[in-house]
1. Considering only region 67-79, I want to know if a residue exists there that is in contact (Cβ under 8 Å) with a residue 24 or more places away in the chain, outside any loop (DSSP other than H, G, I, E, B) and under 18 Å from D118 (Cα atoms).
2. Any idea which residue in region 110-137 is most open to solvent (accessible area, probe 1.4 Å), counting only those that are more than 19 Å from S42 (Cβ to Cβ) and more than 17 Å from the chain's Cα centre (by Cα)?
3. Tell me, which strands (runs of 3 or more DSSP E) wholly within region 1-61 include 1 or more residues that are at negative phi and hydrophobic (A, V, I, L, M, F, W, C)?
4. Cβ contacts < 8 Å: first residue of a type in the set (D, E) and surrounded by 15 or more Cβ atoms within 10 Å (Cβ to Cβ), restricted to region 38-55; second residue at pLDDT 95 or above and in a strand (DSSP E or B), any location; separation 6+ or different chain. Result?
5. Yes or no: T145 in contact with a Pro (Cβ under 8 Å, 6 or more places away or on another chain) and surrounded by fewer than 16 Cβ atoms within 10 Å (Cβ to Cβ)?
6. Modelled with pLDDT of 95 or more and part of a strand (DSSP E or B) - does that describe any residue in region 136-150?
7. Where the second residue is among the aliphatic types (A, V, I, L, M) and open to solvent by 50 Å² or more (accessible area, probe 1.4 Å) and the first is closer than 10 Å to A93 by Cβ and lies in region 109-129, which pairs have Cβ atoms under 8 Å and are six or more apart or on separate chains?
Amino acid sequence: GGITDASQWRLTTSFAGTSDPCIDSNWEEVDEPVGFGILGSSMTESSGIFTFPSTGYWLINFSVVHMAASGQVARYATSSIQTTTDNSTYATAAAAYAHISDEGVYNYMGTYTKYIFDVVSTSLCKVRFYTSATNAAIGTLGYSTSDWTGVMFTRLGDT
(Lines give C-alpha, C1' and ligand atoms only; values in the text may rest on other atoms or scores of the structure.)
Protein backbone atom coordinates (compact mmCIF):
# COMPACT_ATOMS: atom_id res chain seq x y z
CA GLY A 1 0.00 0.00 0.00
CA GLY A 2 0.85 3.62 0.30
CA ILE A 3 1.62 6.28 -2.26
CA THR A 4 3.37 4.84 -5.31
CA ASP A 5 3.77 7.84 -7.63
CA ALA A 6 4.48 11.55 -7.10
CA SER A 7 5.58 14.02 -9.76
CA GLN A 8 6.18 17.76 -9.41
CA TRP A 9 6.20 20.25 -12.30
CA ARG A 10 6.84 23.98 -12.56
CA LEU A 11 6.42 26.84 -14.98
CA THR A 12 9.88 28.03 -16.08
CA THR A 13 8.96 31.36 -17.71
CA SER A 14 6.59 34.15 -16.69
CA PHE A 15 3.84 35.46 -18.94
CA ALA A 16 1.31 38.28 -18.82
CA GLY A 17 -2.47 38.13 -19.13
CA THR A 18 -4.61 35.06 -19.65
CA SER A 19 -3.54 31.56 -20.76
CA ASP A 20 -6.29 30.48 -23.12
CA PRO A 21 -7.22 27.64 -23.27
CA CYS A 22 -4.34 26.55 -20.99
CA ILE A 23 -0.72 27.17 -20.04
CA ASP A 24 0.62 25.38 -23.10
CA SER A 25 4.39 25.85 -22.86
CA ASN A 26 7.39 26.25 -20.56
CA TRP A 27 6.60 23.36 -18.20
CA GLU A 28 9.38 21.21 -16.74
CA GLU A 29 9.50 18.45 -14.20
CA VAL A 30 11.33 19.70 -11.11
CA ASP A 31 15.00 18.79 -11.38
CA GLU A 32 16.71 20.95 -8.74
CA PRO A 33 17.76 22.18 -6.19
CA VAL A 34 19.63 19.49 -4.28
CA GLY A 35 17.34 16.93 -2.69
CA PHE A 36 14.51 16.91 -5.26
CA GLY A 37 12.83 13.59 -5.86
CA ILE A 38 10.38 11.73 -8.02
CA LEU A 39 8.50 8.77 -6.63
CA GLY A 40 7.58 6.02 -9.09
CA SER A 41 6.45 7.05 -12.56
CA SER A 42 6.34 10.63 -13.79
CA MET A 43 3.57 12.50 -15.51
CA THR A 44 4.14 13.49 -19.13
CA GLU A 45 3.25 16.82 -20.72
CA SER A 46 2.67 17.95 -24.28
CA SER A 47 1.44 21.45 -25.22
CA GLY A 48 0.14 21.93 -21.69
CA ILE A 49 -1.83 18.68 -21.56
CA PHE A 50 -0.70 16.32 -18.79
CA THR A 51 -1.02 12.54 -19.10
CA PHE A 52 -1.10 10.21 -16.12
CA PRO A 53 1.28 7.23 -16.03
CA SER A 54 -1.33 4.93 -14.46
CA THR A 55 -4.97 4.77 -13.47
CA GLY A 56 -6.09 5.48 -9.92
CA TYR A 57 -7.10 8.34 -7.67
CA TRP A 58 -4.72 11.26 -8.20
CA LEU A 59 -4.42 14.36 -6.02
CA ILE A 60 -3.60 17.44 -8.10
CA ASN A 61 -2.26 20.54 -6.28
CA PHE A 62 -1.90 23.71 -8.40
CA SER A 63 -0.31 26.85 -6.97
CA VAL A 64 0.29 30.10 -8.83
CA VAL A 65 2.15 33.31 -8.04
CA HIS A 66 0.70 36.35 -9.83
CA MET A 67 2.16 39.85 -10.00
CA ALA A 68 0.29 43.07 -10.65
CA ALA A 69 2.23 46.06 -11.96
CA SER A 70 1.71 49.52 -10.52
CA GLY A 71 -1.22 51.67 -11.57
CA GLN A 72 -3.68 48.83 -12.09
CA VAL A 73 -7.05 49.69 -10.63
CA ALA A 74 -8.86 46.35 -10.92
CA ARG A 75 -6.32 43.68 -10.14
CA TYR A 76 -7.43 40.11 -9.76
CA ALA A 77 -6.34 36.75 -11.06
CA THR A 78 -7.75 33.23 -11.15
CA SER A 79 -6.31 29.78 -11.61
CA SER A 80 -8.11 26.60 -12.60
CA ILE A 81 -7.58 22.88 -12.88
CA GLN A 82 -9.39 21.59 -15.97
CA THR A 83 -9.99 17.88 -16.54
CA THR A 84 -11.37 15.67 -19.28
CA THR A 85 -12.52 12.05 -19.25
CA ASP A 86 -12.87 11.80 -23.05
CA ASN A 87 -9.55 13.41 -24.14
CA SER A 88 -11.54 16.26 -25.69
CA THR A 89 -14.08 18.14 -23.59
CA TYR A 90 -12.51 19.96 -20.63
CA ALA A 91 -14.37 21.23 -17.59
CA THR A 92 -13.17 23.33 -14.67
CA ALA A 93 -12.73 20.91 -11.79
CA ALA A 94 -11.39 23.43 -9.27
CA ALA A 95 -10.63 27.15 -9.25
CA ALA A 96 -9.12 29.84 -7.03
CA TYR A 97 -9.34 33.64 -7.03
CA ALA A 98 -7.10 36.41 -5.69
CA HIS A 99 -7.49 40.19 -5.56
CA ILE A 100 -5.18 43.04 -4.58
CA SER A 101 -6.61 46.44 -3.74
CA ASP A 102 -3.32 48.12 -2.77
CA GLU A 103 -1.78 50.16 -5.56
CA GLY A 104 1.90 49.78 -4.69
CA VAL A 105 4.68 49.53 -7.26
CA TYR A 106 4.48 45.74 -7.59
CA ASN A 107 2.05 43.51 -5.76
CA TYR A 108 2.16 39.75 -5.53
CA MET A 109 -0.78 37.46 -4.93
CA GLY A 110 -1.12 33.72 -4.88
CA THR A 111 -3.81 31.24 -5.79
CA TYR A 112 -3.97 27.61 -4.76
CA THR A 113 -6.41 24.93 -5.74
CA LYS A 114 -6.59 21.14 -5.53
CA TYR A 115 -8.63 18.28 -6.92
CA ILE A 116 -8.85 14.49 -6.56
CA PHE A 117 -9.23 13.03 -10.05
CA ASP A 118 -10.40 9.46 -10.63
CA VAL A 119 -8.28 8.46 -13.61
CA VAL A 120 -10.01 5.42 -15.12
CA SER A 121 -8.14 5.59 -18.45
CA THR A 122 -4.66 7.01 -19.12
CA SER A 123 -5.57 7.68 -22.75
CA LEU A 124 -8.85 9.53 -22.03
CA CYS A 125 -8.35 11.21 -18.62
CA LYS A 126 -6.13 14.30 -18.94
CA VAL A 127 -5.56 17.55 -17.07
CA ARG A 128 -4.51 21.07 -18.02
CA PHE A 129 -4.12 24.37 -16.15
CA TYR A 130 -5.55 27.80 -16.84
CA THR A 131 -4.91 31.26 -15.43
CA SER A 132 -6.74 34.49 -16.14
CA ALA A 133 -6.21 38.11 -15.19
CA THR A 134 -8.11 41.36 -15.48
CA ASN A 135 -5.57 42.66 -17.96
CA ALA A 136 -2.19 41.98 -19.58
CA ALA A 137 -0.34 43.93 -16.85
CA ILE A 138 -0.99 41.06 -14.43
CA GLY A 139 1.43 38.21 -14.85
CA THR A 140 1.79 34.57 -13.90
CA LEU A 141 5.30 34.05 -12.60
CA GLY A 142 7.56 31.19 -13.60
CA TYR A 143 11.14 30.43 -12.68
CA SER A 144 13.44 27.63 -13.82
CA THR A 145 15.19 26.88 -10.51
CA SER A 146 12.42 27.43 -7.96
CA ASP A 147 8.72 26.65 -7.80
CA TRP A 148 6.77 29.88 -8.15
CA THR A 149 3.96 28.46 -10.25
CA GLY A 150 3.69 24.71 -10.18
CA VAL A 151 1.71 21.55 -9.85
CA MET A 152 2.16 18.39 -7.83
CA PHE A 153 0.59 15.08 -8.80
CA THR A 154 0.25 12.33 -6.17
CA ARG A 155 -1.29 8.94 -6.84
CA LEU A 156 -3.35 8.13 -3.75
CA GLY A 157 -4.52 4.61 -4.61
CA ASP A 158 -6.36 2.34 -6.97
CA THR A 159 -9.56 3.37 -8.68
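1. no
2. Filtering region 110-137 for residues that are more than 19 Å from S42 (Cβ to Cβ) and more than 17 Å from the chain's Cα centre (by Cα), the one most open to solvent (accessible area, probe 1.4 Å) comes out as V120.
3. 5-11, 27-29, 49-51
4. E45/W9; E45/W27; E45/T51
5. yes
6. Within region 136-150, the first condition is being modelled with pLDDT of 95 or more, and the residues that meet it are 149-150.
Filter again for part of a strand (DSSP E or B), leaving 150.
Yes, region 136-150 has at least one match.
7. Filtered contacts from region 109-129: T113/A95; I116/L156.
The values are calculated or read from the model by the stated rules, or taken from the named source; none is laboratory data. Computed from a prediction, not measured in an experiment: that's the story for all the values here. No Cβ is skipped: glycine too gets one built from the backbone with ideal geometry, and neighbour counts run over all protein chains shown. SASA here: full protein model, heavy atoms, side chains in, ligands and nucleic acids out. Shrake-Rupley method; radii C 1.70, N 1.55, O 1.52, S 1.80 Å.
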